Amino acid sequence: MRRFLLFSIPLLFFGLLVLLFLRGLELDPRKVPSPLIDKPAPGFTLPRLLAEGEQFSTEDMKGRVWLLNVWASWCVACREEHPLLVAFSREKQVPIVGLDYKDEPEDARRWLEMLGNPYDIVVVDRDGRVGIDWGVYGVPETFVIDKRGVIRHKVIGPIRPELLEQRLRPLIRRLQEEPSP
Amino acid sequence: MIPELGHFALILALVVALVQATVPLVGAQLGRVSWMHMARPAVWAQLICMGVAYGALTWAFVTHDFSVRYVAANSNTALPLMYRISAVWGSHEGSLLLWATILSLWSGAVTLFGRGIPLVMLSRVLAVMGMISIGFLLFMLLTSNPFERLLPAPIEGRDLNPLLQDPGMALHPPLLYMGYVGFSVAFAFAIAALIDGRLDAAWARWSRPWTTIAWMFLTLGITLGSWWAYNELGWGGWWFWDPVENASFMPWLVGTALVHSLAVTEKRGAFKAWTVLLAVFSFSLSLLGTFLVRSGVLTSVHAFATDPARGLFILVFLAVVVGGSLMLYAWRAPAVRSHVHFAPISRESALLLNNVLLVVTAASILLGTLYPLIVDALGIGKISVGPPYFNAVFVPLTIPLALVVGVGAMLRWKQDSLARIWKHVRWPAVISVALGTLLPLLFDRWTWQAALGLTLALWVGLTTLEGFRDRLSGRDRPLAAFARIPRGFHGMSLAHAGIAVFIVGIALTTTYSVEKDVRLAPGESWVLGAYEFRMVGVKPVQGPNYDAQRGEIRVFRDGEQVAVLYPEKRIYRVQRNPMTEAAIDPGLGRDLFVALGEPLGEDGAWSVRLYYKPFIRWIWTGGLMMALGGLLAATDRRYRQLARRDARVPAGMAEAAA
């Protein structure tokens, strides 16, 4: 009997793993909307990456529609989305704030120099604390925040061209037409 | 019409797989020879069906049949033929089809080369493979039909993901799948042996070459994947600890452990229950990889389009396959006892250490990969685990592995003495420490990481060579003795030497790479180390399905031109995805790597990233050597003789039966 129990250990572990995955399917980050959607965006004040000594606060964006893009120089998927973001930022449709997540500022600066900087403002979230407040699951993630400071949409993973055209652009346009609070 | 034919072939394959999974199994249980004989024709019928289905999808791609949804989503009239063929596995549905097709290829191979295996065993093995086949075919037919029509058909397709339009990527998935699915053979053997209740040396001998071949393919697939990442998205990186990379690395680690523990089981009859468990784990981890990539529980670059129904299906499938086999294991394995004793200083002990280290490494990577999910499921918060964790865990666990690899191969079975081993390793130890410490002085600065890496690499290489000397010492005619060394030993030594080469690559690349982002206008140049990079200019060029800006950069060393590099910035016309195509001048001692950034200003200046990567090729060379070693070992004369000798037995039995 003792031997039987010993040899059941792998099965036991696997059972736990299956339970975890079952829960994981429910939690599916791509399918389940963030609990923060339609809730006020968590406020933060963080140092800026490219303007040494200056701070940025979410308060600064009151009354404007803006995007918060979470990225990091170590994130491969960010490279995939980056050129699209650069092209989109050139149109000056909407201010884009970059949240540099758990990153070395030096690496981040070099990354932007090399690949182009789509951000109006980049803030440094070195220990990832703000990322946790915002429910960041992986990088990249992009939030759309309206004039009242409410999160209206969240993209998990790289923004794809069709997503930008079909979801983000119309949404941003609609939000910009909403009256200021 | 042809896509419907493919769809029909898939349904037929499912029906055949049902027969393959049940009739021979029941026959083996009841001892009915005619039922057992159903296995072989069923495998062949299934192989034909899969061939037809696979051919039909390829045909749809080649002829631009955009009325097939999958083709419309992953191809385009401007897509070159080579990528239209590789686009078959460019996305979820088609890659499943590739998986199932490869599974039937492996089953076919077992019927061909497994002639020496007793009919009862073979029937069970093929039945288990049939069950796996059922799972994949059902998955495809129920949730991911590659032949689904899209009516009315669009005029143009949405094109293949530009990242996949690269020769390396065209080959990477088939090789990787050959590895993943190849482990299903070892798995099937393990399950068949568990059903039978007999885990003996013969079982280990049958599954050993199959495991080694599957391991070889997986090694090649991962190596090629790393090389592709370096070319296409790496910006000089070659491994990112991305969940999907981990998904291929975990079965590799456990598979490596399996290859070694099978040796103990075959030669000494020890570790039986453990070896079976490893065989179950290697394939389970391959399946787990499939689940992780396709269910969307983790975010990753490689992630396929996700769908909760698909995720649930794979999870149920995973639960049935892995849960079922672990239940069987819990039931049967306690009865298996190894009555073999070995001393603390023996090859068995060394291989045990190897197994423990490899499995612990795989488990830590599994933990790191799943940690975000665990934390999320427990409601503690949301986190992501990055390369720092993996490097911190992986490096300390692999250093002892490198320390024992060459020595372990030299140890005698059962019992050996430290004094004997010490005689063999003292000189390698002295030389590797001395040279390893001194060699980094040849580079621009001495670092302890490079010294450690080179010492380890020299140690692995020299102890492996010493293994040959050990075999030849005391023989009168060393050349003749060398020729008599079995191929398996050459294979093992080559694979171990591959580790040495791999370590050199990692140690030198990570320490001595130089990178610089610079602004270069036409005519300007930048000096990086011994090399001068001169920008000639950037011109627009047109590819078959993309427009590009192509830079021309000449590289000089000591005033002499050593390379002309053409990095490109491409925009693929359909998906409008900009892609950076780096230009690389490869070399055994160094790579020069140039990538175009963004245009800067009016004077034709661009931001350019320059890399000098010493010895990076050694990383992949090491991987290739390991794979080649696997091939040598798997084709050892022993196994071929075995197959031939045993092949005659069933013929005799058939006569007797008649």
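Can you find, within the range B:171-212, the residue that is nearest to residue B:624 (Cα to Cα) among those that are of a type in the set (Val, Ile, Thr) and crowded, with 23+ Cβ neighbours inside 10 Å? Here the residue is B:212.
Okay, residues lined up against (1) in contact (Cβ under 8 Å) with a residue 24 or more places away in the chain; (2) assigned to a loop (DSSP other than H, G, I, E, B); (3) among the basic types (Lys, Arg); (4) more than 14 Å from chain A (Cβ to nearest Cβ):
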position	(1), (2), (3), (4)
B:354	yes, no, no, yes
B:361	yes, no, no, yes
B:374	no, no, no, no
B:390	yes, no, no, no
B:401	yes, no, no, yes
B:407	yes, no, no, yes
B:421	yes, no, no, yes
B:428	yes, no, no, yes
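Against the condition charged (D, E, K, R) and either modelled with pLDDT of 85 or more or surrounded by 22 or more Cβ atoms within 10 Å (Cβ to Cβ) (or both), how does residue A:141 come out, does it pass? It would help to see each step written out before you state the result.
On the way: charged (D, E, K, R): yes; either modelled with pLDDT of 85 or more or surrounded by 22 or more Cβ atoms within 10 Å (Cβ to Cβ) (or both): yes.
Here the answer is yes, as residue A:141 does meet what is asked.
Taking the criterion of being of a type in the set (Asp, Glu) and within 14 Å of another protein chain (Cβ to nearest Cβ), the only residue of the range B:584-630 that qualifies is B:598. For the range B:96-122, a residue qualifies if it is small (Gly, Ala, Ser) and in contact with a Lys or Arg (Cβ under 9 Å, 6 or more places away or on another chain), and exactly one does: B:116.
The single condition among (1) buried (at least 18 other Cβ atoms within 10 Å of the Cβ); (2) in contact with an Asp or Glu (Cβ under 7 Å, 6 or more places away or on another chain) that residue A:172 does not satisfy is (2). Pairing each residue of the range B:162-177 that is in contact (Cβ under 8 Å) with a residue 40 or more places away in the chain with any residue that is assigned to a loop (DSSP other than H, G, I, E, B), provided the two are 6+ apart or on different chains, yields C-beta distances under 7 Å for B:162/B:575; B:162/B:577; B:163/B:233; B:164/B:90.
Among residues of the range B:517-530 that are at negative phi and away from chain A (no Cβ under 14 Å), those with a beta-carbon under 9 Å from a residue that is surrounded by fewer than 14 Cβ atoms within 10 Å (Cβ to Cβ) and assigned to a loop (DSSP other than H, G, I, E, B) at least six positions away or on a different chain give the pairs B:521/B:601; B:521/B:603; B:522/B:603; B:530/B:558. As a summary of the residue check, residue B:31 satisfies the conditions (1) touching a Leu at 6+ places or on another chain (Cβ under 6 Å); (2) at positive phi; (3) not basic (Lys, Arg) except for the one numbered (1). For residue B:274, the requirement of being within 14 Å of chain A (Cβ to nearest Cβ), surrounded by fewer than 23 Cβ atoms within 10 Å (Cβ to Cβ) and under 23 Å from residue B:352 (Cβ atoms) is met.
Per-residue answers, yes or no, for (1) away from every other protein chain (no Cβ under 12 Å); (2) surrounded by 16 or more Cβ atoms within 10 Å (Cβ to Cβ); (3) farther than 20 Å from residue A:162 by Cα:
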| position | (1), (2), (3) |
| --- | --- |
| A:17 | no, yes, yes |
| A:25 | no, yes, yes |
| A:44 | yes, yes, yes |
| A:63 | yes, no, yes |
| A:86 | no, yes, no |
| A:94 | yes, yes, no |
| A:102 | no, yes, yes |
| A:116 | no, yes, yes |
| A:119 | yes, yes, yes |
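Filtering the range A:121-155 down to residues that are among the basic types (Lys, Arg) and either under 30 Å from residue B:608 (Cβ atoms) or touching a helix residue (DSSP H, G or I) at 6+ places or on another chain (Cβ under 9 Å) (or both), which residue is farthest from the other protein chains (Cβ to nearest Cβ)? Among residues in the range A:121-155 that are among the basic types (Lys, Arg) and either under 30 Å from residue B:608 (Cβ atoms) or touching a helix residue (DSSP H, G or I) at 6+ places or on another chain (Cβ under 9 Å) (or both), the one farthest from the other protein chains (Cβ to nearest Cβ) is A:147.
Among the residues of this structure, residue B:534 does not count as one that is touching a residue at least 12 places away in the same chain (Cβ under 8 Å), surrounded by 17 or more Cβ atoms within 10 Å (Cβ to Cβ) and closer than 27 Å to residue B:634 by Cα. Before we move on, is residue B:87 of a type in the set (A, V, I, L, M, F, W, C), modelled with pLDDT under 95, touching a Pro at 6+ places or on another chain (Cβ under 7 Å) and farther than 30 Å from residue B:25 by Cβ? Answer is no for this residue.
Residue-by-condition table, conditions (1) closer than 15 Å to residue B:99 by Cβ; (2) at pLDDT 90 or above; (3) hydroxyl-bearing (Ser, Thr, Tyr); (4) buried (at least 18 other Cβ atoms within 10 Å of the Cβ):
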{"site": "B:122", "(1), (2), (3), (4)": "no, yes, no, yes"}
{"site": "B:126", "(1), (2), (3), (4)": "no, yes, no, yes"}
{"site": "B:135", "(1), (2), (3), (4)": "yes, yes, no, yes"}
{"site": "B:143", "(1), (2), (3), (4)": "yes, no, yes, yes"}
{"site": "B:150", "(1), (2), (3), (4)": "no, no, no, no"}
{"site": "B:165", "(1), (2), (3), (4)": "no, no, no, yes"}
{"site": "B:169", "(1), (2), (3), (4)": "no, no, no, yes"}
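Filtering the range B:143-168 to residues that are assigned to a helix (DSSP H, G or I) and within 14 Å of another protein chain (Cβ to nearest Cβ) leaves B:143, B:162, B:163, B:164. Taking residue A:164 as the residue in question, decide whether it is modelled with pLDDT of 90 or more and part of a helix (DSSP H, G or I). No; evaluated as a whole, the condition is false for this residue. The set of residues from the range B:304-329 being within 7 Å of chain A (Cβ to nearest Cβ) and either assigned to a loop (DSSP other than H, G, I, E, B) or modelled with pLDDT under 85 (or both) comprises B:306, B:308, B:311, B:312.
Reported count of residues in the range A:149-171, each being over 17 Å from residue A:86 (Cα atoms) and either touching a residue at least 60 places away in the same chain (Cβ under 8 Å) or among the acidic types (Asp, Glu) (or both), is 7.
The values are calculated or read from the model by the stated rules, or taken from the named source; none is laboratory data. These numbers were taken from a predicted model, which means no experiment stands behind them. Glycine also receives a Cβ, built like all others from the backbone with ideal geometry; neighbour counts cover every protein chain displayed.
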